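Read the structure below first, then the notes.
The values are calculated or read from the model by the stated rules, or taken from the named source; none is laboratory data. Please read these numbers as outputs of a predicted model, since none were measured by experiment. Positions of Cβ are generated from backbone atoms using ideal geometry, with glycine treated the same way; all protein chains shown enter the neighbour counts.
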2 protein chains.
Amino acid sequence: MYQGASRFSVASSARELITKTEHFTFAISPEEMVLESGHRLGPITLAYETYGTLNEGRSNAILVAHALTGDQHAAGKYDKSDKAAGWWDDMIGPGKTIDTNRFFVICSNVLGGCRGTTGPSSINPATEMPYGMNFPVFTIRDMVRAQKALVQHLGVERLLCVIGGSMGGMQVLEWAVTYPDQIDGILPIATAGRMTAMGIAFNEVMRQSIMLDPTWNQGNYYPEVGPAQGLSIARMLGMITYRSDELFNLRFGRRMVHTHPDEYFRFDSRFEIESYLHYQGDKLVKRFDANSYLYLCKAMDLHDIGRRRGGLAKALGRIKAKTLFVGIDSDWLYPPSYMIEMAHLMEKKRKDVEYKELKSPHGHDAFLIEFDQMSPIIRDFIFELAESRGL
Amino acid sequence: MYQGASRFSVASSARELITKTEHFTFAISPEEMVLESGHRLGPITLAYETYGTLNEGRSNAILVAHALTGDQHAAGKYDKSDKAAGWWDDMIGPGKTIDTNRFFVICSNVLGGCRGTTGPSSINPATEMPYGMNFPVFTIRDMVRAQKALVQHLGVERLLCVIGGSMGGMQVLEWAVTYPDQIDGILPIATAGRMTAMGIAFNEVMRQSIMLDPTWNQGNYYPEVGPAQGLSIARMLGMITYRSDELFNLRFGRRMVHTHPDEYFRFDSRFEIESYLHYQGDKLVKRFDANSYLYLCKAMDLHDIGRRRGGLAKALGRIKAKTLFVGIDSDWLYPPSYMIEMAHLMEKKRKDVEYKELKSPHGHDAFLIEFDQMSPIIRDFIFELAESRGL
């Protein structure tokens with residue numbers, strides 16, 4: 001995942017967070033989890049990390065939900081020598097916006113993921129082979145129910161805040177609708193209450209690219225890496241949708257990698273934007289499972305907080321948490337209008353809701369980049385929640 | 001290509017245009033055409049159609065340039081029994097906006113195309129095998145120079161107007177910059193003076209999809225149809241970029257093809273938007289050559305009217321033709337801003353230039369749909385040109 005240059009690097013290096021991934025297993029036979037589809041799944045292992053300490057009143061827990069290609073490693077390093085820190089390390093840590101000296105932060109790899117949580121690459125106990133495409137279809141709602149089991153296991157009955165962007169924001173909304181009495185506040189960023197038709201369209205093209213790769217082999221490629229080219233193409237497309245025309249023009253324009261006329265007019269000559277996308281595609285392949293990618297995109301497509309709840313407005317009506325939507329002006333994948341619509345629907349129902357917007361050329365991915373804008377917004381919101389809980 | 005319901009169907013059925021494709025061959029050895037890349041290509045055959053009659057003064061010729069997957073069949077039917085007419089039949093014909101009772105209309109399949117014009121699927125005289133990926137890289141500028149040979153062959157020294165949308169609009173701009181003294185007016189629609197980084201990015205993903213298909217086989221698949229799945233995926237992606245979020249929401253929303261819960265939660269369940277994209281992908285495969293698609297996308301990427309001409313502004317400074325840019329408010333692939341910028345640059349140089357905008361939810365493809373809005377704009381523009389030529 002692309003990370004902008006840290007603006008907090010001086011502060012954070014002084015009090016570095018060292019973390020490790022832990023595992024929690026539940027839904028053990030015959031107590032399998034019944035998914036929204038009706039299928040039973042178990043055992044389920046969730047890979048997760050926590051930062052900070054749960055207070056005596058168990059009232060300072062904040063759950064962070066990751067996006068499509070994110071994972072449980074939201075903050076800190078596993079070892080001081082690690083080059084990269086967690087994906088939201090700019091936001092989470094001692095003295096940072098989400099201050100781990102004050103709060104107990106939880107982040108888990110989603111159900112269906114590939115970083116230690118049960119997913120398509122896990123062993124199916126029924127066959128003792130990897131699930132592959134026999135993994136059951138799951139939904140954002142199922143992800144959240146699995147997270148709930150983890151949160152309870154950690155001794156937390158009530159969350160101070162659930163926060164996340166993109167697919168993380170989808171989980172945030174499902175949390176607030178599914179467990180309205182067990183959350184003080186939610187902060188959904190750059191997301192939607194139900195996946196848009198255009199979002200589904202892009203996801204289907206990404207899925208088709210993966211499945212076109214002959215090494216995908218109907219999902220049976222383990223222990224090999226599988227459809228590297230197909231997944232890389234999917235990621236290239238994803239990256240386009242996470243950025244903006246403005247950013248690409250500023251950053252790459254029409255510059256070519258090779259500029260000699262003999263190369264310029266070759267079929268395989270590359271513009272810098274192409275080279276950048278290939279780099280991003282190749283990078284994802286090294287850390288992500290293609291079948292997980294397929295299933296997570298499907299879960300996003302099926303995302304609709306209003307399903308079997310009487311529609312979007314009724315679902316939003318269930319929310320009791322103080323709510324702050326954060327949109328991004330240049331995000332055309334999850335345009336601000338969808339969050340503004342939800343905020344209006346909640347306002348009508350006299351909910352405690354607000355909408356704020358980041359100004360950024362970065363597009364959808366601004367929630368992984370614009371820390372200077374997000375920091376005061378998130379800090380103030382969490383501060384108010386903490387105040388109301390007497391923290 | 002998707003065509004909206006004709007709003008002129010009553011008028012046109014009364015005076016139906018019957019047409020046929022003709023062929024013109026030039027650049028015959030040793031007089032091959034020297035492409036912008038320096039490579040020689042010949043012989044070159046252009047497939048073309050004409051509608052109406054060239055007047056005695058040879059002053060009533062209008063050239064129509066087609067978009068990526070368009071062809072020379074812009075208007076009319078080959079036979080009365082044909083179900084579909086040409087791709088701009090709503091605009092071109094007796095008594096229509098581009099009135100073939102008054103004007104002589106020319107449309108040719110672009111260089112590198114696959115509808116009768118020399119392209120990657122043609123026989124390479126050096127090997128007596130199809131060119132495949134040995135076809136030389138060509139540019140929009142090369143397409144226009146080939147069209148110029150055709151126009152001269154038809155006895156036309158000066159064009160009254162050159163008109164086209166998308167890749168057609170790129171040709172329109174190249175025409176005006178390359179042959180400033182031989183055109184009265186130009187009407188570039190939903191296009192750019194140089195391909196944007198985002199446009200290049202989408203094209204590269206489309207190319208990669210085609211080349212990932214094992215049946216592509218480095219371009220050596222003739223006489224078989226070749227990478228049908230890869231080309232279909234490319235088209236699916238293309239279709240997303242030609243439309244808009246608003247349109248997809250209006251037309252498909254989150255409706256599913258199958259709604260029974262047992263199907264809803266299957267991995268292969270389909271939303272209507274997915275089904276629509278697959279339909280469009282499968283349809284293109286039946287009429288388009290994958291290698292042509294690759295080369296035409298490359299030509300678009302290389303499109304820059306300012307190349308070797310001192311940049312965009314200087315290139316626009318060459319134009320002498322009366323110019324009307326037409327943008328589409330919901331077009332995010334070729335946003336209005338790029339055409340407005342060109343209009344401003346030309347205004348500064350005291351050119352006869354105007355910009356008009358279609359209001360449409362249809363996105364980029366509105367130039368193939370919004371005939372009621374385009375018709376008066378185009379009719380008035382051509383009328384003025386004709387007046388000034390004493391027609």
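General remarks:
- Count of the stretch A:115-133 residues, restricted to those that are within 10 Å of chain B (Cβ to nearest Cβ) and over 22 Å from A:M167 (Cα atoms), is 0.
- A single entry from A:I240, A:I183, A:I233 fulfils the requirement of being out of contact with any Gly (no Cβ under 7 Å at 6 or more places or on another chain), under 22 Å from B:M198 (Cβ atoms) and buried (at least 21 other Cβ atoms within 10 Å of the Cβ): A:I240.
- Residues of the stretch B:211-247 satisfying the condition of being more than 28 Å from A:P227 (Cα to Cα) and touching a Ser or Thr at 6+ places or on another chain (Cβ under 7 Å): B:S244, B:D245, B:E246
Residue-by-condition table, conditions (1) free of Cβ contacts under 8 Å to residues at least 24 places away in the same chain; (2) over 19 Å from the mean Cα position of the chain (by Cα); (3) closer than 28 Å to A:H278 by Cβ; (4) in a loop (DSSP other than H, G, I, E, B):
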position: B:A192; (1), (2), (3), (4): no, no, yes, yes
position: B:I210; (1), (2), (3), (4): no, yes, yes, no
position: B:R235; (1), (2), (3), (4): no, no, yes, no
position: B:N249; (1), (2), (3), (4): yes, yes, no, no
position: B:T259; (1), (2), (3), (4): yes, yes, no, yes
position: B:S275; (1), (2), (3), (4): yes, yes, no, no
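Per-residue answers, yes or no, for (1) touching a helix residue (DSSP H, G or I) at 6+ places or on another chain (Cβ under 9 Å); (2) farther than 27 Å from A:F367 by Cα; (3) not assigned by TED's automatic domain parsing to the domain that holds A:V353:
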{"position": "A:W175", "(1), (2), (3)": "yes, no, no"}
{"position": "A:D181", "(1), (2), (3)": "no, yes, no"}
{"position": "A:I186", "(1), (2), (3)": "yes, no, no"}
{"position": "A:N220", "(1), (2), (3)": "yes, yes, yes"}
{"position": "A:P223", "(1), (2), (3)": "no, yes, yes"}
{"position": "A:S232", "(1), (2), (3)": "yes, no, yes"}
{"position": "A:L237", "(1), (2), (3)": "yes, no, yes"}
{"position": "A:I240", "(1), (2), (3)": "yes, no, yes"}
{"position": "A:R243", "(1), (2), (3)": "yes, no, yes"}
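- Among (1) surrounded by fewer than 24 Cβ atoms within 10 Å (Cβ to Cβ); (2) in contact with a Lys or Arg (Cβ under 7 Å, 6 or more places away or on another chain) - the single one B:E174 does not satisfy: (1)
- Checking B:E341, B:E357, B:E347, B:E370 one by one, the residue that is within 21 Å of B:G70 (Cα to Cα), in the same structural domain as B:A67 (by TED's automatic domain parsing) and of a type in the set (D, E, K, R) is B:E370 and no other.
- Of the criteria (1) out of contact with any strand residue (DSSP E or B) (no Cβ under 8 Å at 6 or more places or on another chain); (2) within 30 Å of B:Y131 (Cα to Cα); (3) facing chain A (nearest Cβ under 10 Å); (4) among the acidic types (D, E), which one B:D289 fails: (3)
- For the stretch A:168-197, residues that are facing chain B (nearest Cβ under 9 Å) and either of a type in the set (D, E, K, R) or over 30 Å from A:N134 (Cβ atoms) (or both) total 1.
- Residue in the stretch B:132-148 that is surrounded by 23 or more Cβ atoms within 10 Å (Cβ to Cβ), assigned to a strand (DSSP E or B) and not hydroxyl-bearing (S, T, Y) present: no
- Hits in the stretch A:244-274 (condition: at the interface with chain B (Cβ under 7 Å from one of its Cβ atoms) and within 21 Å of B:Q218 (Cβ to Cβ)): A:F265, A:R266, A:F267, A:E274
- Cross-chain or 6+ apart pairs with Cβ under 8 Å, the stretch B:110-130 first and over 22 Å from B:E49 (Cβ atoms), then modelled with pLDDT under 95: B:P125/B:S29
- Criterion applied to A:I28, A:I18 was being touching a Pro at 6+ places or on another chain (Cβ under 9 Å), modelled with pLDDT of 95 or more and loosely packed, with under 15 Cβ neighbours inside 10 Å, and the one residue passing it is A:I28.
- Residue match in the stretch A:326-333 (condition: under 17 Å from A:C161 (Cβ atoms) and not acidic (D, E)): yes
- Qualifying residue in the stretch A:146-164 (condition: within 14 Å of another protein chain (Cβ to nearest Cβ) and either among the aliphatic types (A, V, I, L, M) or over 30 Å from A:N220 (Cβ atoms) (or both)): no
- Hits in the stretch A:204-221 - residues which are more than 7 Å from chain B (Cβ to nearest Cβ) and either in contact with a His (Cβ under 6 Å, 6 or more places away or on another chain) or crowded, with 18+ Cβ neighbours inside 10 Å (or both): A:M206, A:R207, A:I210, A:M211, A:W216, A:G219, A:Y221
- Among the residues making up the stretch A:336-352, those that are over 22 Å from the mean Cα position of the chain (by Cα) and closer than 20 Å to A:E384 by Cβ are A:M346, A:E347, A:R350, A:K351, A:D352.
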